[in-house]
Each structure stands twice: as structure tokens, then as C-alpha cells.
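Each remark here refers to the structure printed beneath this line.
The values are calculated or read from the model by the stated rules, or taken from the named source; none is laboratory data. Not measured: the values here are computed from a predicted model. Virtual Cβ from ideal backbone geometry, glycine too; neighbours counted across all protein chains shown. Note: accessible area is taken over every heavy atom of the protein model, side chains too, but ligands, DNA and RNA are not part of it. Shrake-Rupley method; radii C 1.70, N 1.55, O 1.52, S 1.80 Å.
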Amino acid sequence: MKILYGTCNFATIRTEGSLYVDKTPFLPLLENLSGRYQLFLRPRRFGKSTLLSMLEHYYDINHADRFDELFRGLWVHQNPTPEKNKYLVLSLDFSPVRSDGTVAEIRTSFARTIKVALRSFINRYKTVVPDLTMASSIVGSDDDDAGALVADVLQIVAAAGHSVYLLIDEYDHFGNRLLSDGEESTYRTLVGTNGYIRNFYGSLKALTRTSLVRMFVTGVSPIMLDDLSSGFNIIAHISQLCEFNALAGFTRVDVERAVDDLLRAKPQLATDERLGNRDQLMGALERYYNGYRFSPVASERLYNSTLVIYFLAAVSSTGGYPRQMLDLNVRTDYGRLHAIARAATERDTEMRELLEEILTNESVQSPLVEQFGTRISLDRARLVSLFYYMGMLTFSENAVETVEPQLVVPNRVMRELQWSYLALALEDHDHIKIDMTYVENALTKMSVTGDIQPFVKIFHDQVVKRIGLRELLKFDEQTMKLMLFAYVAQTQAFYLMTEKEFNQGYCDLLLGLRGIGTAAKHAWIIEAKYVKTDATENEIEAAIQQGFAQIEKYTADKDLVAMLTRGHFLKAGVLMFVGVKDVFFRAWPKT
């Protein structure tokens, strides 16, 4: 089985026999909706572009003779819909639009993107609509009025009696980049009242009275919807409809089929000790990439499809897990969206407080806001909503049982991402910054030599002392643990697990070895304890003994120890914080 990571062209995927999860059963549902102009929001890298490519190849009148080639074996091949190969398809992808430079330069980039798409459209359909050749000069002109350009071309199509299906990918991409880069003034000029982009969508709305009979738009967040209100008030927001929960993303059955196909194609992987058995492979995929629900009444949890493909491509080519479980490209995408949230919150502590709440409880309750713009700051509900659209929160199993829906962290990569964002929030507001190179080196030494003192010294010098000097942050046991996790989770020295991942006990830090082929030999069980600055020696000792008692329970679990150590060594102890005065480590006596 071939696994094409980073490829979203439906024809390429199908003709090269690559992994493809069938989304064609959703076609009749989309056709039968009362709204023919549809908006579908999902987190970054969730398979939206591949979905659009499938729609293009299914509805394009020019692909009618390839229907059997491209769709044989898929559900729709035996169940074609009335609108199969019925339309001239115009595809617009706004990801290449630049977000730097002047307003005029961005307008030119937007218009250039439209012109490229229109030239392709004219070349593809000039035999179907011969008069389209007249539009070549229009598209080749210096005119940068994108709405007028599209209108001129589609009016020719309407005069010929044909209909157009418009596909827009990443409608919000360049807008998000502008906002994340702090270019709010430029954004408002382009997207606000009488703005260039807003007028473009107004032109599309006018075309729905003639040739533009269907539209499918994808994006990540609704942050532009309010700003585009007049042009987008025809759109049907289908993102949270239960029947479209799995329109993008993979179900568990999809992932199991992909894993089984891979193991059949490469049977040597089934005995590779770096991967473990099939159940362990599925377990890793579930922990890191599963957990999404996009409707409060959806029963099925979904996997991030792009990250599953990223993972399986690494397994197929190297025989091991990817070193970074979250693709760096995806991390960058999430980082830009997070920058919007940081810049647009009402209070400077709002981001840190929300992250602390999420990471402490692994859930929040909040109404979801389906449409908002930049005219107002992001209050708590909008901030939580943005986290949901980013994919950092999702509906819980019992989301509908409360007045305000309960939202949870979907999986491991999103939790680790939030740990790193908490570190940023601490740096932003509380001026607490640790050089992560030093942390990585100290944790690597812990894993190789079993020496924890360099890490303790870093935390003492760069965190505890700074808090003591500035007194900017309320420092208690919960804050201390959150900060500890925030910095440890950003490194690759260990596989970090917390008490939330186990039903028994309340151990704070379980630092497991990541796998074979490294110099790492020491796994760790660490209980973090906190007492006030003026605590007595007896109070400190009592806290340490309480930590030792908890460690006893964990070390008695042979399966847990085996999972952490992978046949190597286990070290354990209590990391003791004495207010903002001191931090030290007491090794567990039986190690």
C-alpha cells in the first residue's frame, strides 16, 4: 500500500493506489441540504483540501469519462447522485495569497490568485463554452477587481446555459496570517466595510442569481465571517451538523483498515520491536490523534487524518514512529492561530488563565460562538471557541448534558501543544522564560546518566528565583505543577505521562523512555510536592513521605514499570518546592 503524505489531489491518490478513505457517501447528503452554498470548518491539516479535490473530480463535467477510473470501488460508483459530472467547476485556493506588504500589494496577490484560477477554468472549458476564449483578454488585463473578473467569466457561462460549482479552499488563510502577524489595520482595510475582500464576496453573492448554483467553502475559523457578513449571509454553516461529523477526518474503522493494509503490505513491520504489535500501534494512534467530535450529539470520535497519514508514512518508510508526533508544519499552522488568540484577548492574563483551567481540568464549559470578527476583543467564550476551531478543544461525550457544552482536550498532541502555549503565556505576562536548550540537555542527562540535579538547578535558578524576585505570579502547588509540565513536555528526552492518563493513583510525572536505538537508559517517576515558604522541617518531611507512599504504589505495578523503562532502569523521588525559596530532589530510598 502506498501512503502519499502531503498529497491532496484526488486523481493522483486514486490512480497511484494510495491510501484513501471514502467520503463519497456524504455526496447525497450535501446535495439534499436546503442550503446550496455551504461552509465547512475544520482544524488545520484535517483533510479538507482532499475533500474539495474529490468534489471537483466528481462534479466536473470534463471528468465524466474518468468516473469509472477514479471512483470504482467507492460507495458512489454504485450509487451515483443526480448531479454527477453536471457542472463547470471553479476552484479557488487562497493559501498562496500573500499576507505581507502594503494593502495594494495584497490586493494584487489576491487578484493574481483569482486570475490563475480563471485562466485554468477557461482552458479547461473552452471546448464546452467556446465563447470563454473571449474572456482570455479580460483575465490577462491589469484589472485587479477580483469580483468583476469572476463575474465577467461566469456571465459567459450563464449565457451558454451552463452552471458553475465554486470550490473555495482556505477562505480565511491570508486573513488569519494578517491577524497573527499583528496587521489588524491592514486586515480591517481589506475585509471591513467596503473592503476589497468583502466586496469580492458580495460579487459572488450576486452571481448566485445566474450561473453560480453551488458553493462549498472550507476554512479553519469563523473569525472572518462577521466581517464578511453581507457577502456571506447566503452561506449554510454545516460544520456542527451531526451528519457531517466525519466528512473530514478518519473513523476508528478507517484507521484500523489502514493499519491492517500497511501490515499486510509490509509484514516485517508486524515483528519490528520499535513498533510493538498491532494493538500497540493502534494505541499510539489513538492517544496522539484521536478524540475529535464536531457535533455535541455525535457518537463517534475522529482521528486527524493528515497526522495519521504522516505517522503511517513514517512507519512505512523507517520502520519506527516519527521523532516528532506532531508534524512541524502543523505546529507552525497552529502557532499562527494561537498568535491571534494571544493578541485579541480582552485581558492580558486571559490566555494563561484559560490554559491553566484546561490543563488542570482537561475540560471547560462554554457556549460556542459560530460567527465573530475583529470588531471586538475575544472574550472568554470567543477565546474558547477559537480553541475549538483550532482543534485544541472538542465536544465531550456528555456535551449536551450541561447548559453550556463541555469541551475537552481531544488527544496527546493537542495537550502537548497547550503545554508549550502555557510556557509562552508565562513568558508574555509573567516574564518567566527558560532556555529550552538547557532544559533539553538537562533532561537528556537525566535519561542517560540518571542525574536529575542539572534539571533541578535550572528550575531553581530560572523559575523559582525569578518568581521570588518579581512576585508577579500567584505561586502555589497547582501553578508549580503546571509550569513543570509546560517545560518538560516541550522536549524529546522522555515520553511524558501525567496522572490524568491513569486510573490509579495521582503521580505527577511519569517520564518514560521513548524507544530503542538511543542512549537513554533511565525512566523516572517523580512526585512534585509544594509547601509554603515558612513550612517547618516536619511539614517538609511529611510531604516527602506522602510522595514516597504514592511512588510505592506506582513501582508495584510491574506492567507500568515495564512500559516506562522498556527493559532499562527506573529512578524515582520527590521534587520538593518550598514556596519561592527553594526546590530540591529527594530520591526514593528503594531505587
key: Potential lengthening between THR536 and ARG264 on full extension [0.36 nm per residue; Cα-Cα distance subtracted]   = 91.6 nm
query = Which distance in Å, rounded to a whole number, links the C-alpha centroids of segment 290-357 and segment 1-39?
reply = 22 Å
Trypsin sites (Lys or Arg not before Pro) restricted to DSSP loop in segment 249-299 with at most 13 other C-beta within 10 Å = ARG274
inquiry  = Counting pairwise Cα distances across the chain, what percent come out greater than 38 angstrom?
reply    = 39 percent
remark   = With Rh as the Kirkwood radius over Cα pairs, segment 261-393 has Rg/Rh of 1.07
remark   = Taking alpha-carbon centroids only, segment 524-591 lies from segment 386-463 a number of Å equal to 21 Å
ARG586 accessible area, assembled protein chains, probe 1.4 Å, Å² = 90 Å²
ask   = When the accessible area of the chain is split by element with a 1.4 Å probe, what percent falls to carbon and sulfur?
value = 48 percent
request  = Compute the FRET efficiency between CYS242 and THR449 as 1/(1 + (r/R0)^6), taking r as their Cβ-Cβ distance and R0 = 41 Å, and round to the nearest 0.05.
outcome  = 0.15
Loop sites in segment 70-118: trypsin sites (Lys or Arg not before Pro), DSSP, at most 15 other Cβ within 10 Å = ARG72, ARG98
message = If each residue of separation counts as 0.36 nm, what is the full-extension length gain between GLU184 and GLU105 once their alpha-carbon separation is subtracted?
response = 26.9 nm
remark   = With all protein chains in place and a 1.4 Å probe, VAL116 shows an accessible area in Å² (nearest 10) of 90 Å²
query = ASP428 to GLU256: FRET efficiency via 1/(1 + (r/R0)^6), r the Cβ-Cβ distance, R0 51 Å, to the nearest 0.05?
reply = 0.75
key: With DNA, RNA and ligands ignored, accessible area of LEU302 (1.4 Å probe; Å², nearest 10)   = 0 Å²
request  = Return the Rg/Rh value of segment 111-270, two decimal places, where both radii are evaluated on C-alpha atoms and Rh is the Kirkwood radius.
outcome  = 1.09
Test item: Cα-centred dipole of segment 167-309, Lys/Arg +1 and Asp/Glu -1 on Cβ, debye = 320 debye
inquiry  = Once R0 is set to 51 Å, what does the formula 1/(1 + (r/R0)^6) return for the Cβ-Cβ distance between ASP22 and HIS568, expressed as a FRET efficiency to the nearest 0.05?
reply    = 0.70
task = Please work out how much length the chain gains when fully extended from GLU440 to SER136, using 0.36 nm per residue of separation minus the C-alpha to C-alpha distance, in nm with one decimal.
result = 103.7 nm
ask   = What ³J(HN,Hα) values, in whole Hz, does the Karplus curve 6.51 cos²θ - 1.76 cosθ + 1.60 give for segment 142-159 when θ = phi - 60°, with x put for Gly and Pro?
value = 7, 4, 10, 7, 4, x, 5, 4, 5, 4, 4, 6, 6, 5, 5, 5, 4, 5
query = Could you give the semi-axes, largest first, of the ellipsoid that matches segment 15-154, computed as the square roots of 5 times the alpha carbon gyration tensor eigenvalues and rounded to whole Å?
reply = 30, 20, 14
request  = Determine the order of VAL448, VAL583 by accessible area, beginning with the largest, at a probe radius of 1.4 Å.
outcome  = VAL448, VAL583
task = Output the Kirkwood hydrodynamic radius of segment 389-465, Cα pairs only, in Å rounded to one decimal.
result = 15.2 Å
